[in-house]
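**Q** One structure, pasted below without further comment.
The values are calculated or read from the model by the stated rules, or taken from the named source; none is laboratory data. Bear in mind the structure is a predicted one, so any value in this text is a computation, not a measurement. Cβ placement follows ideal geometry from the backbone for every residue including glycine, while neighbour counts extend to all protein chains displayed.
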Amino acid sequence: MATIFIDQRSYDVPDGMNLLDASLTLGFNLPYFCWHPALGSVGACRQCAVKQFRDEKDMRGRLVMACMTAAAPNTRISIDDPDAREFRKSVGEWLMVHHPHDCPVCDEGGECHLQDMEVMDQQTYRRYRGLKRTFRNQDLGPFVNHEMNRCIQCYRCVRFYRDYAGGRDFDAFFLRDRVFFGRQSDGVLESPFSGNLVEVCPTGVFTDKTLKLHFTRKWDERTAPSICVHCAAGCNTIAGERYGLLRRIRNRFNGEVNGYFLCDRGRYGYEFVNGPRRVRAPRIAGRADAAAPSDAVARAASPLAGGSGAIGIGSPRASLEANFALRALVGPDRFCSGMGAAEHRLVSEVLRLLQEGPAPAASLHDAAQADAVLVLGEDVTNTAPMLALALRQSVRQQPMKAAAALRIPAWDDTAVRNALQDERGPLYIATVAATPLDDVAAATMHAAPDDLARIGCAIAHALDQAAPSPRGALAADAALVGRIAGALRAAERPLVVAGVSLASQAVLDAAARVAHALHAAGRPVRIALVVPECNSLGAAMLGGCDLDDATALLWPGSPLIVLENDLPRRCGADRAARLFERAGELVVVDHTLTPTAERATIVLPAATFAEGDGTYVNGEGRAQRAFQVFVAGGDVQESWRWLRDLMRASGRGGAAAAWETLDDVTGALARELPAFAAVRDVAPPATFRIAGTRIAREPARYSGRTARDANVTVHEPEPPGDPDSALSFTMEGFQAQPPPAQPPSALIPRFWAPGWNSVQSVNYYQTVVGGPLRGGDPGLRLIEPAAPGAPAAAGRAPSAFEPDDRDWLCVPMYEIFGSEELSALAPSVAALAPRAYVALNDGDLHRAGLREGGDAVVASADGTCRLQVRRVASLPPGVAGIGVGLQGAPWMRLPDRARIHPAERDR
Amino acid sequence: MPVIEMEQVLIPHVREPNSFTLDFYLAHGGYAALKTALGRTPDEIIEMVKASGLRGRGGAGFPTGMKWQFVDKKIEPRYIVCNADESEPGTFKDHLLMERNPHLLVEGCAIGCYAIGARTAYIYIRGEFHHVQRHLERAIEEAYAAGYLGRDILGSGFDCDVFVHRGAGAYEAGEETALLESLEGKRAQPRNKPPVPAVAGLYGKPSAVNNVETLCNVPIVVSRGVEWYTSIGPEKNGGPKLYCVSGHVKRPGVYEATMNITLRELVEGRAGGVRDGRTLKAVIPGGSSVPILLPDQLDTQASFDGVQRAGSLLGSAAIVVLDDTTCMVWLAENLLHFYRHESCGKCTPCREGTDWLHKILARIERGEGQMSDLDLLASISRNVGGKTLCAFGDAAITPVVTTLKHFRDEYEAHVREGRCTRPAPWRARHLVGAH
C-alpha cells in the first residue's frame, strides 16, 4: 500500500499502480483515451493530465500525465487544479477539431467514450472554424465497420490488434493529423479477435457491422448477463435485445475468464438466434401448420406414459438444467450425454483428469499468467480462441522480469515493449500442423498424433525418470525435449495445454503425464484441457452413456427424445438414420430446425441461450449462469420446461414433474448429484432483491416503454414476469450502478456508471482497475483435484506413426469460423467459413496426384466424400487433415485411415 | 566589420577536392586520435570528454561525457547511435561534415564505441541525404580496408562496426527516441522517458545517441587535449563550433568559430551582413524552433549560455537572418506549415495543435483573420507548450509565440487591413509539402 494525496486528501492505493489506475480505482472521474487497463499506458493522448506537487510546500506544481506517473508513496497531485482542468479541456477541444458532429447518426452515440470524456472535460463551445479532414474508409469484412473520419488517433486499435492480439494486417499509416488506422488495402481483417476493435475504440471508428443491420442504441437494449455458447471457454457476454430480436453480443468482464475481450466467433455467432432456421412453434410431422403446444406435448407424452423404455439423448450444447430435466424424464440409465462414443470417452477422461488431479484446471487468467507453456496437440486458436489470446500474453511473463529489473513498471507499455523487444518466454507448441499461435512460440513441432504423444511422454520422462520413455526415434530432437522439460521445471507457473480435438487418448495421456511429472517434481503446474462445446464438461458430469450405447439400448419402436442435438453431426447420417428408423416416436426439443429436427415426428420449440436461463460448465469446470434476455415470441420455452411438461403429461419424472422455476431444477440437481452441490450458488436465486426490487434488464433511459408495441396494440402490455431469476424484464427495478451498490457480479446486466456510458464504466465495478469485479468474479469452479492426486497413468508410450504407402491417416482440423454448429448459422460467420476440405502437405499432394484448390475423393470405412484440396505444408507425411463440421462435410470417424484420390474432373 | 580568422579543426579542408578520402584524411593527421584513444582505458576517454566540457551539438547542449557515463555498463551489448537526421530548418552543418570530412565522424564513432564499451555504431542519416550516404559509406569501406574499423582495430583487440541507416525523411526521426524507433523499423514516434536511452535505448539496450558534430569533436578532444579544447571558447562552452548562417545575408554558409564569437560577428562579419539597402529585422539564432532575437541583441555571444541569457537558445546553431522585407505572420505560417506537416501524430496537442495553428496563421496571412484569432493563437500555443510527449510541441509553437510577442502589431495590421501588409516578391506563392 502507498499513501498518496489527491487534492489534499490522503488515500491508500495498492503498490505498483500509476496515478490514473489509482484515481479511477478511488472513484475519481479522470478522463483518458489511450490508456486501457489491459493494454497499459503510452502517454499519447495527454488527456489524463493532473498537477503534481513536489511536497506540501510546493504551490506551483507541474502538469504530468497520470497514466505515465507512478503512484509512489507520498505523491501529491491535484485533479481539480485549474491548470490541469484547462489543459484537459483543451485536449477535448483538439480531439473535436476533426471529429465529425455526427453523434445522432453514429452507431457509437450513447455509449461513446469520446462523448463521455468531452462532457467530463466540460468542453462545450467550439473555436475551430476550419474544414474537417476526411479519409477514405475500408471494407474490413463482415464483422467490423470502418469510419475513419471519427478517429481521434488514440492508437488503441493498433496496440490491441498488433501488440496484444498478434495481428499483422492492420497498422497505423502516415503521420500528423492524417494518421490512418486500417489495412494496407480493403479486405477481411485476418485476426480472429478483430471484433474487439469495436470495444477498444473509444469512439465510432470501428463499430459492429452486424449490429448495423438491426441497429439499436445501447440505452434501448434490454440486456442480461450471458455466457458464450460457441466453445468451451465460457466467455462472459452481455446479450442485448429489442423488438424480439437479439441485437448484439458485447464483452462482460470476468477477470478469471475472458477479461476485456471476446473472439469473433463469440461476438458474431449470435445471429443464429434470429435466423430463418429457428423453430418458434411445435411441429408435428405430417401437419402443414403449427401444432398447439398442448397437442404436441400430449402426442409426445403418450408413448412415454407406457413406460416403454424411452431413450433421452442430451447435448453438450444444452444447459445443465435441460440435460438434467431429460435425465429426470427418462431416468439416469436411459440418459445419453449426446456425444459420440469417442468424444464421450475423451471428455469423460478430461473430467477424470481434472477431478483426480494432481494438476488443477487453469482458468484463462491462469493461462495468461503462465510463464512456461507446453501445448500438446491442440490448435487452440481454432478450438478455444480466447485461450490462444491468453497464451499470447503468457509469453510476456518471463521477459517482464527483465523489465522489472530495469525498474520499468509493468503498466508502462512503450517502455516494457522497448525493453523486451522480441524476447518471449517459453511457449512450446506440438501440433499436427502449423497453428496461428506458432509465431510467438519458442519452438514448434509438427507430427502425427501418436508422435505428439511420444514427444509428450519424452518430456514427462525428462522431468521424472519414473515416467515411461518412448522407444525408438522421436519426431523432435532430444535437445529440444530437454529444453522444454527444463523450461517447465524452472517456471514458477508452468502450464500444460491439451484437449480432445485430435480425438487421441494417447495425446491426452501424454499431457497428463507431463503434468504429473511436474507435480511430482514439486512444481505448481496447472493444466488446460480443451473440450469441444459450451457444456461438454457439464454433460459428462451428468453421466449417462454415449450414442453407441444409446443405440444399443433403444428397443425398436421405443420413443427417442433428442435434446438440442443434431445426431448426424455426431455419428454420421447413416447411423443416425438407422437410429431414427429404429425409434418409434422421435421427439426433438431444439431451437433450430436441424436435420435431426426435420426427421422428428414432434419438434418442441426450445429457447436459445438468450431466451431462457441456463447453467453451463466450461472447460475449466466453472459453472456459469446465462440469463434470459427476452421472452421469445411464439411457443418457445426453455427445454427443461418442455421436458417437465412431458413428465407431467406422461406421469413420469416423479418430483421433477412439479418443477416450476429454474431454482427448483438447480436445487434438485444439487441434491441428487453431489458434484453439482455448488450449482445453486452460481448466481443468486430468483428471490434475491436489492432494496426490495429486482434488477432491471432495461436501462433507465429505455425509450418507448409504453409506445413500443403501439403498432400491435395501444394498450400497454403487462410486463412478463420472471420466475427464474432476480432480473425484471422492464426498466423497473435496481439500475446497475456502482458505487456504493452494485448487483452481485453474476447479475450485472450491463456496465454503466454516472458519466460513463461506454464500456469503460467497468472500471467502477472492479475492486481495483483491471482486477476482479467487486464481490468476486462470477462463476464457481465445480471441480478441484482431490489431494494428493491420482497416480500417473500406467502403460507405455505409443509406438511411432508409420506413414502408409496407400492410405493416409486422416485427422480432424478445426476452423474458428465454420466448425461450430450454431455460429456457422450466423451469416457473418458463415461468410468466412471455408468449404469442406482435405489438407495434405506438398509431397503427399504430389503422391496423390492432387492439386491445391481442386477436388479430392476421400474414401474411408465410413464411406466416400468429395472435398476441396488444401495445401498445408506443415502436415507430416502420411497425415491428411479433414476440416471438421464445415458446410458440406459429411461426418467421418476421425482419426481414421482413408484413401485419397483426385475427383473425376481433376484427372 | 572585420572577418575574424581562426584555426579551423572541424572543416579545415572542405574546399579541397579530395577532402573526403582516407588518404587525404591520413595525410592531415587522421585516425591519430583513435590510436591515442585505444592506448587509454575507456574510462579515461570518458573522463577526458567530461573534462573537455564538450556539449552536444544537436541542440540541447547536454554534456557528452555525462551522457556516456550514464550508459549502463552492466548490460551487453551497448550502442553508439549517431544522429545524422539533420532536419531542423536552417541547419546544414552535419551535411557538410559528412560529405566533406566523413572520416572525422567515423573516427568519432569508433572512439565513442570504445569509450562506452560498444562494438557497434549506427549512423542514422536523414532520408533526403542519399548523396551524403554514398560518401559516408565509401569512407566506412575505406576505414574497414585500412583496419580502422572491423576486428582487432590497430592491434588493440577492440572490435567496432559502423553501419549507415537512411531514414525515410521524417523530421521527427531526429528526436533521439523517435530515431531509435525508426532505426528498429518502427514508426518514428518518440518514447516516453524514463527509461532514458542510456538504460534502455536501441533494441532495448543501453545506447548513447550523439549528434554528428558532437562525435566529430571527440577526435579533436583526444588529439588536441583537454587543455587546448577548454582554452578556446568561453567557460563551459569550449571547443570549435559550426554555425549555419542563412537567410537575408550576402554570404550564407557554414562557418567554424569558437563560441567567443558574437552573433554580430557571424551575421555582419562572416556572412557579410544583410543585403544592400536593407535593414536587419530579426535573427533566429538556433534553428526554426527557438525564439527570435532582435537587432539590439546582436552583440550576444553565440554560445550555448550566451544565447540562453539573451532569451533564446543556440540549438543547432542555425542562424536565420531576416531583413525588413520579411512578414512575420508569413514567417510563422511558413514554419508552422513545416511543423504541422512533420508532426508524428502520436500525441494530441502537437498533432491537432500544429495543424490548427497553421490554419489560423494562413487565414490571417490571407487577410481573413479576426482579432480574436490572436488570442486563440496564444491560447492554443499555451496548451501545447511543455505538454507534449517530446520537445516537438515546444519547437512548433515557438515561431507563433515569439512573433506574436515581438510583432503583434503586424498581426493586428493583417487583420485590420484584411491583407498581408508586407508582401515580398521573393516569397513562394504556394507552400508545398516536403514529400
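**Q** Can you tell me how many residues within the range A:169-188 are part of a loop (DSSP other than H, G, I, E, B) and of a type in the set (Gly, Ala, Ser)?
**A** Qualifying residue count for the region: 2.
**Q** Any idea how many residues of the range B:389-423 are within 14 Å of chain A (Cβ to nearest Cβ) and either touching a Leu at 6+ places or on another chain (Cβ under 7 Å) or buried (at least 24 other Cβ atoms within 10 Å of the Cβ) (or both)?
**A** 5
**Q** Quick one: count up the residues across the range B:274-291 that are farther than 17 Å from B:THR91 by Cα, modelled with pLDDT under 95 and either surrounded by 22 or more Cβ atoms within 10 Å (Cβ to Cβ) or not charged (D, E, K, R) (or both).
**A** Adding up the residues that qualify gives 1.
**Q** Among the listed residues A:MET117, A:MET96, which satisfies the condition of being over 26 Å from A:PHE5 (Cα atoms), surrounded by 19 or more Cβ atoms within 10 Å (Cβ to Cβ) and of a type in the set (A, V, I, L, M, F, W, C)?
**A** A:MET96
**Q** Which of the strands (runs of 3 or more DSSP E) found entirely inside the range A:37-89 contain at least 1 residues meeting this: within 13 Å of chain B (Cβ to nearest Cβ) and out of contact with any Cys (no Cβ under 6 Å at 6 or more places or on another chain)?
**A** By residue number, A:49-53, A:62-65.
**Q** Report the residue count in the range A:112-154 for those that are within 14 Å of chain B (Cβ to nearest Cβ), within 20 Å of B:GLY345 (Cα to Cα) and outside any loop (DSSP other than H, G, I, E, B).
**A** So the answer is 2.
**Q** Please work out if B:VAL400 is in contact with a strand residue (DSSP E or B) (Cβ under 7 Å, 6 or more places away or on another chain) and either assigned to a strand (DSSP E or B) or not assigned by TED's automatic domain parsing to the domain that holds B:SER289 (or both).
**A** no
**Q** Can you find a residue that is buried (at least 24 other Cβ atoms within 10 Å of the Cβ) and of a type outside the set (A, V, I, L, M) anywhere in the range A:63-70?
**A** Within the range A:63-70, one or more residues are buried (at least 24 other Cβ atoms within 10 Å of the Cβ) and of a type outside the set (A, V, I, L, M).
**Q** I need the full set of residues from the range B:329-363 which are over 27 Å from B:GLU181 (Cα atoms) and more than 7 Å from every other protein chain (Cβ to nearest Cβ), in order please.
**A** Result: B:VAL329, B:TRP330, B:LEU331, B:ALA332, B:GLU333, B:ASN334, B:LEU357, B:HIS358, B:ILE360, B:LEU361, B:ALA362, B:ARG363.
**Q** Report, by residue number, each residue of the range A:602-618 that is within 27 Å of A:SER348 (Cα to Cα) and among the charged types (D, E, K, R).
**A** Within the range A:602-618, just A:ASP613 meets the criteria.
Conditions tested, residue by residue: (1) more than 28 Å from the chain's Cα centre (by Cα); (2) surrounded by fewer than 21 Cβ atoms within 10 Å (Cβ to Cβ).
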| site | (1), (2) |
| --- | --- |
| A:PRO674 | no, yes |
| A:ALA677 | no, yes |
| A:ALA686 | no, yes |
| A:ARG697 | no, no |
| A:THR706 | yes, yes |
| A:THR713 | yes, yes |
| A:GLN735 | no, yes |
| A:THR767 | no, yes |
| A:GLY775 | no, yes |
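**Q** Moving on to the next point. Only one of (1) within 14 Å of chain B (Cβ to nearest Cβ); (2) closer than 30 Å to B:ALA362 by Cα; (3) touching a strand residue (DSSP E or B) at 6+ places or on another chain (Cβ under 9 Å) fails for A:ARG162. Which number is that?
**A** Only one criterion in (1) within 14 Å of chain B (Cβ to nearest Cβ); (2) closer than 30 Å to B:ALA362 by Cα; (3) touching a strand residue (DSSP E or B) at 6+ places or on another chain (Cβ under 9 Å) is unmet by A:ARG162, namely (2).
**Q** Could you identify the single residue in B:GLY29, B:GLY90, B:GLY61, B:GLY65 that is part of a loop (DSSP other than H, G, I, E, B), within 17 Å of B:PRO219 (Cβ to Cβ) and of a type outside the set (Ser, Thr, Tyr)?
**A** B:GLY29
**Q** What are the residues in the range A:399-451 that are more than 14 Å from every other protein chain (Cβ to nearest Cβ), in a helix (DSSP H, G or I) and free of Cβ contacts under 8 Å to residues at least 40 places away in the same chain, if any?
**A** A:ASP438
**Q** Within the range A:174-210, restricting attention to residues that are within 27 Å of B:ARG351 (Cα to Cα) and β-branched (Val, Ile, Thr), which residue is nearest to the other protein chains (Cβ to nearest Cβ)?
**A** In this case the residue turns out to be A:VAL179.
**Q** A further question on this structure: Mind listing whichever residues of the range B:161-171 are modelled with pLDDT under 95 and either at the interface with chain A (Cβ under 8 Å from one of its Cβ atoms) or surrounded by 24 or more Cβ atoms within 10 Å (Cβ to Cβ) (or both)?
**A** Correct list: B:ALA170, B:TYR171.
**Q** Would you check which residues across the range B:37-66 are buried (at least 22 other Cβ atoms within 10 Å of the Cβ) and basic (Lys, Arg) and list them?
**A** Selection gives B:ARG55, B:ARG57.
**Q** Same structure again: When you check A:ALA390 against the structure, is it within 14 Å of chain B (Cβ to nearest Cβ) and in a helix (DSSP H, G or I), yes or no?
**A** No: the conditions fail for A:ALA390.
**Q** Please go through the range A:693-727 and give me each residue that is closer than 30 Å to A:LEU24 by Cα and either without any contact (Cβ under 8 Å) to a residue 12 or more places away in the chain or not in a loop (DSSP other than H, G, I, E, B) (or both), ordered by number.
**A** Within the range A:693-727, A:THR693, A:ILE695, A:ALA696, A:LEU727 meet the criteria.
**Q** Considering the range B:172-212 alone, what residues qualify as being of a type in the set (D, E, K, R) and facing another protein chain (nearest Cβ under 10 Å)?
**A** B:GLU172, B:GLU181, B:GLU184, B:LYS186, B:ARG187, B:ARG191, B:LYS193, B:LYS205 - these are the residues of the range B:172-212 that are of a type in the set (D, E, K, R) and facing another protein chain (nearest Cβ under 10 Å).
**Q** Return the pair list, or none, for Cβ contacts closer than 7 Å from residues in the range B:252-263 that are in contact (Cβ under 8 Å) with a residue 60 or more places away in the chain to residues that are surrounded by fewer than 23 Cβ atoms within 10 Å (Cβ to Cβ) and polar (S, T, N, Q), at least 6 apart or on different chains.
**A** B:GLU256/B:GLN8
**Q** Taking A:PRO470 as the residue in question, decide whether it is assigned to a loop (DSSP other than H, G, I, E, B) and modelled with pLDDT under 95.
**A** Against the criterion (assigned to a loop (DSSP other than H, G, I, E, B) and modelled with pLDDT under 95), A:PRO470 qualifies.
**Q** Moving on to the next point. Checking the condition modelled with pLDDT of 95 or more and either surrounded by 23 or more Cβ atoms within 10 Å (Cβ to Cβ) or more than 10 Å from chain A (Cβ to nearest Cβ) (or both), which residue from B:SER381, B:SER372 passes?
**A** B:SER381
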